[in-house]
Amino acid sequence: MAQDPKFTAKETAQIGWYIGRMAKRGIAGENVYQGDLQKKVDRIIDGAREREAQQAADQAEAEKAARKARAKNHRK
């Protein structure tokens, strides 16, 4: 499985809330459906991965722009 991304405080709280609800349903019995909560947790994790990828892309673009600006200023 892929490594989990770093979560924001909100994402951590949401995941904790859903896991708590899953635990409560687990107490009710083994045959209780928990797929809806698992889908919500998976959606939060996928969103965090997308956010991290976007932040990495933005950072790379900013570094490229900074290098370009330094090169332009160096030529003058």
### Query
For GLU52, what charge total do you get from the other residues with a beta carbon under 13 Å from its beta carbon, if Lys and Arg give +1 and Asp and Glu give -1?
-2
### Message
Suppose the chain between ALA23 and ASP46 were pulled fully straight at 0.36 nm per residue; how much longer would it get relative to their current alpha carbon spacing?
### Response
6.1 nm
### Task
Give the Cα extents of the range 1-47 along the principal axes, in whole Å, largest first.
32, 22, 14
### Summary
Counting lysine pairs in the chain that sit 8 or more positions apart or on different chains, with Cα atoms under 24 Å apart, gives 10
### Task
Have a look at ILE19, ILE45, ILE27 and tell me which one the Gaussian network model of the chain (Cα, springs below 10 Å) gives the largest fluctuation.
ILE27
### Task
Report the residue, chosen from GLN59, GLN14, GLN34, that carries the largest GNM mean-square fluctuation when the chain is represented by alpha-carbon nodes joined by springs under 10 Å.
GLN59
### Query
If you roll a 1.4 Å probe over the chain with all protein chains in place, what percent of the accessible area is carbon or sulfur?
55 percent
### For the range 1-55, accessible area per residue (1.4 Å probe, heavy atoms of protein chains only), Å²
78 Å²
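The values are calculated or read from the model by the stated rules, or taken from the named source; none is laboratory data. Bear in mind that the values here come from a model prediction, so they are computed numbers and not experimental data. Here Cβ is always computed from backbone atoms with ideal geometry, including for glycine, and neighbour counts include all displayed protein chains. The accessibility values were calculated without ligands, DNA or RNA, using every heavy atom of the protein model including side chains. Shrake-Rupley method; radii C 1.70, N 1.55, O 1.52, S 1.80 Å.
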